[in-house]
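Here the structure comes first, spelled out in structure tokens, and everything after it is commentary.
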Amino acid sequence: MVVKRKSSLRGMRVAVVALTSALVLPVPAMAEDLPSAAEIGSLAEQAMARTNAQGLAIAVIDDGQVREVQTFGLRNAAGAALTQDTVMYAASLTKAMFGYLVAGMTDRGEIELDRPIAALLERPLPNYGNLSAYGAWGDLAGDTRWQSITPRMVLNHSTGFANFHFLEPDGKLRIHFDPGTRYAYSGEGIMLLQFGVEEGLKQSVAGLFDQYFGQPLRLTRASLTWRADFAGNYADGWMADGTVEPHDERGRVRAAGSLDASPADMAAIAAMMVRGEGLSPAARREFSRGTLPITTRQQFPTLLPDAPVTDRPAASAALGVIAFDGPQGPGWYKGGHNDSTGNTLVCLERNQRCVLIMANDVRAEQAFPALVKAILGETGVPYEWEYPELTASADR
């Protein structure tokens, strides 16, 4: 059943507060019964009132099927309502989608997760130079470690790159540690695999998205680039200080984070992923199998030193997602963020259950851990690592 719910915003701006004690639903360790649509609606309204978030969408997936999609608040400062068909920025949820379709490519023998990306290319990577559409590959001349980077290292964020080269003090791409040895989030790493797929295999990531998701799910409101037909119903965003940020009409496919999708279409993608549609059982297991333990106290800033074992999350990196094992068994999740966007997708293998939250207001992130807990129960998702202070603002 799909339910669409709208609500108006109420109340004055309030200080940022923790929401756990304010939410009214009981939170069992094993959430056998999911909350009703009305209960989830009440939770969402409380969260928006306490964070002053202007727009929020929540989808619930059970037994691998979309049970409901609810939307709340506004899509723009003009007062237009956010609906389940409103095109929102998926941000780094794009990375989870990319990891899934790469797992599918292994089924067809098109790519090997542990074979270096260099083997896909006709020339040495630095010889391609610095490409604005992909990355600053020319900066890697003189460091041969790029030759060892594999698709798995890209998708579990162990390339050794910073998030992006332009964040380096000198603006140059470099490898900070031997690839494959530890986790450090890198969007530019994801772009390296996109480069290997598009330059080496001569396959379009946009075409692969349509092949793996768009056509099977009959998506009408999802794309890796902006489309003119989105113009009638799309979401602008709100930043932490309440400033409105216009929706970015992205014209370039970026596997690190260019996906636009409505809550309804993003929920359909998430449901497909949790039930493993389109993948062999082996590839589906590989997608969410954690292979690289997380060793830092928090995810950002990237390239943090190893934390003491007692301060590390019980989580590992998989193919574009983070795998964890909690009171309800194994699960995986991915976040998506920029200065005016907050998204989270948490999926449990048991009962193929997920919660997807998309917000066109970054302030809503403050409510994500409590909302997910209230809907799914205790999961074990490492939100203390993901949102240690709930104040980060860098794209991720």
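Conditions (1) in a loop (DSSP other than H, G, I, E, B); (2) assigned by TED's automatic domain parsing to the domain that holds Asp139; (3) at pLDDT below 95; (4) not small (Gly, Ala, Ser), marked per residue:
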residue	(1), (2), (3), (4)
Asp178	yes, yes, no, yes
Tyr183	yes, yes, no, yes
Ile190	no, yes, no, yes
Gly196	no, yes, no, no
Exercise for review: Examine the range 4-16 for a residue that is at pLDDT 95 or above and over 18 Å from Ala364 (Cβ atoms), and state whether such a residue exists.
Suggested key: no
Study note, to complete from the structure: Restricted to the range 162-176 and to residues being assigned to a loop (DSSP other than H, G, I, E, B) and of a type outside the set (A, V, I, L, M, F, W, C), the residue farthest from Leu125 (Cα to Cα) is Pro169
Practice item. Looking only at the range 262-276, count how many residues are farther than 24 Å from Glu286 by Cβ and hydrophobic (A, V, I, L, M, F, W, C). Key: 1
Review point. Could you say whether any residue in the range 205-220 is over 30 Å from Gly142 (Cα atoms), in contact (Cβ under 8 Å) with a residue 12 or more places away in the chain and not in a helix (DSSP H, G or I)?
Key: yes
Check your understanding: What's the number of the condition Leu224 fails, among (1) surrounded by fewer than 22 Cβ atoms within 10 Å (Cβ to Cβ); (2) in contact with a helix residue (DSSP H, G or I) (Cβ under 8 Å, 6 or more places away or on another chain); (3) more than 13 Å from Trp137 (Cα to Cα)?
Key -> (1)
Practice item. Exactly one condition in (1) buried (at least 21 other Cβ atoms within 10 Å of the Cβ); (2) touching a Lys or Arg at 6+ places or on another chain (Cβ under 7 Å) is not met by Asp361; state its number. Key: (2)
Point to revise | Condition check for Leu193: farther than 21 Å from Thr295 by Cα, over 23 Å from the mean Cα position of the chain (by Cα) and in contact (Cβ under 8 Å) with a residue 12 or more places away in the chain | key: no
Check your understanding: Only one residue in Ala256, Ala261 is crowded, with 23+ Cβ neighbours inside 10 Å and under 26 Å from Gly73 (Cβ atoms), so which one is that?
Key -> Ala261
Review point. Is it the case that the range 81-100 has a residue that's assigned to a helix (DSSP H, G or I), among the aromatic types (Phe, Trp, Tyr) and at pLDDT 60 or above?
Key: yes
Review point. Which residue pairs have Cβ atoms closer than 6 Å, lie 6 or more positions apart in sequence or on different chains, and pair a first residue in the range 160-172 that is surrounded by fewer than 22 Cβ atoms within 10 Å (Cβ to Cβ) with a second residue that is hydrophobic (A, V, I, L, M, F, W, C)?
Key: His165/Ala136; His165/Leu173; Glu168/Ala162
Point to revise | One residue from Arg145, Arg115 being touching a residue at least 24 places away in the same chain (Cβ under 8 Å) and either in a helix (DSSP H, G or I) or under 28 Å from Leu219 (Cβ atoms) (or both) | key: Arg145
**Study point:** Selection count, the range 233-250, where residues are of a type in the set (Val, Ile, Thr) and under 14 Å from Met48 (Cα atoms)
**Key:** 0
Exercise for review: Kindly list, by first and then second residue, each pair from a residue in the range 227-239 that is in a loop (DSSP other than H, G, I, E, B) to a residue that is among the basic types (Lys, Arg), limited to pairs with Cβ atoms under 8 Å and residues at least 6 apart or on different chains.
Suggested key: Asn233/Arg75; Ala235/Arg75; Asp236/Arg75
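The values are calculated or read from the model by the stated rules, or taken from the named source; none is laboratory data. Fair warning: this is a prediction, and the values are worked out from it, not measured in the lab. Neighbour counts are summed over all protein chains in view; Cβ atoms, including those assigned to glycine, are modelled from backbone coordinates with ideal geometry.
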